[in-house]
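Engineer: Can you read through this structure? Questions will come right after.
Just so it is clear, none of the values below were taken in a lab; they were calculated from the coordinates. This is a predicted model, so every value here is computed, not measured. Note that each Cβ is placed from the backbone with ideal geometry, even for glycine, and that neighbours are counted across all protein chains shown.
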Amino acid sequence: MANSEGIGLRSRRVAPRMPGVLDGDDSGSSSSNGDPRITSNGKMEVEHVINKKLQLKMKVEHLKAGLMKQLDSQVNEFVDSLIEESACLDPPAVFSSSSSFSPALSDKERSKLKFGQLRTPPDQGKQFVVRRSLLDELFEVNHIRTIYHMFIAVLILFILSTLVVDFIDEGRLVLDFDLLVYAFGQLPLVVSTWLCMFLSALVVPYGLFHLWASQYQASRRGTLLSVLAGAAFLLYQGLGLGFLPTYVVLRNGFPPASRFIVILEQVRLLMKTHSFVRENVPRVLASAQSKNSPVVIPQVTQYLYFLFAPTLIYRDSYPRNPVIRWGYVASKFLQVLGCLFYAYYVFVRLCIPQFRSINLQLFDLRVMVLCVFNSILPGVLVLFLAFFAFLHCWLNAFAEMLRFADRMFYKDWWNSTSYANYYRTWNVVVHDWLYNYIYRDFLWMSGKRLRATAMLFVFTVSAVVHEYVLAVCFGFFYPVLFCLFMCFGMVFNFILHDRRKGPIWNVIMWTSLFLGQGVLICLYSQEWYAQRYCPLQEPSFLDLLKPRSWTCHQQIAPAEDSPLREQ
């Protein structure tokens with residue numbers, strides 16, 4: 001009690017007095033110390049205290065927001081690192097063929113592996129763990145799910161506006177899908193072509209690898225056998241998976257969507273077969289060097305599962321879910337179908353009316369600027385639809401049917417403040433393949449000295465493949481995407497790097513991305529119409545390389561013609 005009373009007395013002695021309030025002085029004069037804030041009635045002092053409290057509250061709120069943001073970032077990093085460390089420490093959770101199935105080698109035996117024997121780089125590569133897709137987690141939040149509902153509302157408005165316009169113009173409700181029917185034409189031949197591609201990818205690479213692996217350790221001419229097997233595999237990839245599907249597509253004049261099905265499957269199977277050989281050849285070479293370990297050859301069922309699995313990195317086994325949720329599978333395929341009709345209405349309502357009557361003029365800056373900015377909205381919608389339909393719905397549907405548990409097909413690319421992060425998080429499936437088999441292997445062959453060159457090589461490979469897909473599927477060569485990828489993409493990759501943080505950089509990233517989508521939609525649509533309405537009778541090789549829209553000067557696309565129909 002004595003201590004408490006002493007403290008109370010000391011606090012009373014130290015506490016400042018308010019003369020106007022405590023002393024009852026109503027004169028309104030200032031205190032003797034000259035402080036203008038302290039008056040006889042205490043009004044200025046109270047206002048000063050309130051202002052101080054408000055300022056302190058604002059500072060606390062600002063500090064709270066900063067701390068919560070920093071805490072959220074640190075927690076995310078901690079959880080990611082914890083998952084990675086647990087995957088490395090827990091043997092059942094690690095699904096890396098090089099660590100789980102390769103025999104142990106001594107340092108002396110490792111040193112015997114030569115440069116030409118495709119040694120595995122020091123780290124173990126991608127590790128698969130059980131995790132959900134990010135959008136599946138976000139859609140459990142009502143605020144995020146509302147954005148999904150907004151996109152559905154826009155689709156409903158597209159359908160209603162199309163019906164109303166058709167009713168006003170035609171006098172009846174016209175609900176035909178001639179554009180979809182045309183774009184997905186010749187489906188029986190498409191299915192036959194895919195079936196031949198898939199069976200060849202199942203039989204030829206596995207058969208060649210099985211023959212080579214079973215004979216390599218016992219053969220006295222292992223180098224010659226490896227050269228012959230490698231040449232046969234490269235010949236199959238170049239001719240069987242490379243040339244023949246492209247020839248079938250061009251020879252039979254597949255429409256655009258049917259071409260995309262065949263060509264994208266061609267690229268996917270090429271990447272899958274490369275991954276299978278690239279992951280398993282070092283294991284056979286390591287077994288041959290140890291001479292006491294049996295040759296590990298994957299079973300055909302493991303390779304068959306890999307061909308359907310939503311990943312481009314081969315492993316003998318992957319984390320699996322215990323059950324299949326068929327309702328989830330049905331909902332994802334229905335969402336893919338909904339995205340398909342969504343894209344149809346985007347083209348019908350936003351693209352076709354603009355390009356149907358466009359006047360193609362050589363380097364008309366006014367028309368070009370208007371075309372680009374009018375194409376931003378459909379370009380952005382197509383970007384979102386392609387991401388949601390394929391990277392989320394399609395891959396998750398197949399992952400669910402195969403009980404494939406690692407659903408990280410993408411990350412939070414929409415939060416990117418740098419293009420370097422955007423490239424890593426937009427399509428994790430393709431990024432993993434490029435990182436493991438292009439970037440890492442290039443660094444390994446160069447002795448880890450040419451990182452900038454390795455990055456440039458990855459960009460070049462990705463840009464060439466993208467341009468090849470678009471050139472074959474559209475039927476003309478117009479390297480707009482290649483130039484955007486190699487020029488602006490490379491520049492933005494170094495300018496908007498990982499050290500760029502803050503909301504302004506996210507705004508810059510989104511602005512440039514939207515503008516790039518507008519450029520792509522505008523230029524490729526102009527070239528498509530120019531190819532249809534300004535045909536060349538006997539084009540030379542240079543004519544095929546030169547964009548037709550540069551020389552086609554006329555009002556194109558009559559209103560009664562289908563915008564994409566072959567003439």
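Engineer: Using the Karplus curve 6.51 cos²θ - 1.76 cosθ + 1.60 with θ = phi - 60°, what ³J(HN,Hα) values do you get for each residue of the stretch 392-398, in whole Hz, with x for Gly and Pro?
Structural biologist: 9, 6, 5, 5, 5, 5, 5
Engineer: If the only charges are +1 at each Lys and Arg Cβ and -1 at each Asp and Glu Cβ, what is the size of the charge dipole of the stretch 186-292 around the Cα centre, to the nearest 20 debye? Spell out each step's value before the answer.
Structural biologist: Working: 9 positive and 2 negative charges, 53 e Å.
Here the stretch 186-292 has a charge dipole of around 260 debye.
Engineer: Now a separate question. May I ask which of 332/501; 411/448; 272/546; 126/411 have a Cα-Cα span longer than 23 Å here? Write down the numbers at each step before the final one.
Structural biologist: Working: 332/501 34 Å; 411/448 27 Å; 272/546 34 Å; 126/411 15 Å.
The pairs that break the limit, which is 23 Å between Cα atoms, are 332/501; 411/448; 272/546.
Engineer: Can you work out the FRET efficiency for the pair residue 551 and residue 132, with r the C-beta to C-beta distance and R0 = 56 Å, to the nearest 0.05?
Structural biologist: Working: r = 52 Å, r/R0 = 0.93.
In this case the efficiency is close to 0.60.
Engineer: Between residue 444 and residue 164, what is the FRET efficiency for a Förster distance of 60 Å, r being their Cβ-Cβ separation, to the nearest 0.05? All intermediate terms of the calculation are to be shown ahead of the outcome.
Structural biologist: Details: r = 61 Å, r/R0 = 1.01.
My answer for the efficiency is 0.50.
Engineer: Can I ask one more? Summing +1 for each Lys or Arg and -1 for each Asp or Glu, what net charge is found among the other residues whose Cβ lies under 10 Å from the Cβ of residue 395? Before the final figure, lay out each step's value.
Structural biologist: Details: positive: 332, 407; negative: 400.
Residues close to residue 395 contribute a combined charge of +1.
Engineer: Quick check: pseudo-label points 7 Å beyond the Cα along Cα→Cβ at residue 244 and residue 331, how many nm apart are they?
Structural biologist: Result: 4.2 nm between the two label points.
Engineer: Whole-Hz Karplus ³J(HN,Hα) for the stretch 259-272, in order, using 6.51 cos²θ - 1.76 cosθ + 1.60 and θ = phi - 60°, x for Gly and Pro?
Structural biologist: 5, 4, 4, 5, 5, 5, 5, 4, 5, 4, 5, 4, 5, 5
Engineer: Compare the peptides 146-154, 255-263, 453-461 by average per-residue count of other Cβ atoms within 10 angstrom and give them in order, highest first. Provide the component values of the computation, followed by the final result.
Structural biologist: Values: 146-154: 11.6, 255-263: 20.0, 453-461: 16.3.
Final packing ranking: 255-263, 453-461, 146-154.
Engineer: Oh, and also: Provide the gained length on full extension for the span residue 320 to residue 234, in nm with one decimal, where the gain is 0.36 nm per separating residue minus the Cα-Cα distance.
Structural biologist: That works out to 27.7 nm of additional length.
Engineer: Would you kindly state how much longer the chain becomes between residue 365 and residue 541 on full extension, computed as 0.36 nm times their sequence separation minus their alpha carbon distance, in nm to one decimal?
Structural biologist: Difference between extended and current length: 60.5 nm.
Engineer: Counting other Cβ atoms within 10 Å of each Cβ, which trypsin sites (Lys or Arg not before Pro) in the stretch 404-480 have at most 10 and sit in a DSSP loop? Walk me through the numbers on the way to the answer.
Structural biologist: Values: sites: 407, 411, 424, 440, 448, 449, 451; in loops: 407, 411, 448, 449.
Taking the stretch 404-480 and a limit of 10 other Cβ atoms within 10 Å, the loop trypsin sites (Lys or Arg not before Pro) found are 449.
Engineer: For the stretch 203-279, which semi-axes, largest first and in whole Å, follow from the square roots of 5 times the eigenvalues of its Cα gyration tensor? Could you put the intermediate results ahead of the total?
Structural biologist: On the way: eigenvalues 203, 27, 11 Å².
Working from the Cα gyration tensor, I get semi-axes of 32, 12, 8 Å.
Engineer: Taking the Cβ-Cβ separation of residue 224 and residue 290 as r and a Förster radius of 25 Å, what is the calculated FRET efficiency to the nearest 0.05?
Structural biologist: Numbers: r = 22 Å, r/R0 = 0.87.
The computed FRET efficiency comes out at 0.70.
Engineer: Between residue 308 and residue 178, 0.36 nm times their residue separation minus their Cα-Cα distance comes to what? Let's see the in-between values first.
Structural biologist: Values: separation 130, 0.36 × 130 = 46.80 nm, distance 3.17 nm.
Full-extension gain reported as 43.6 nm.
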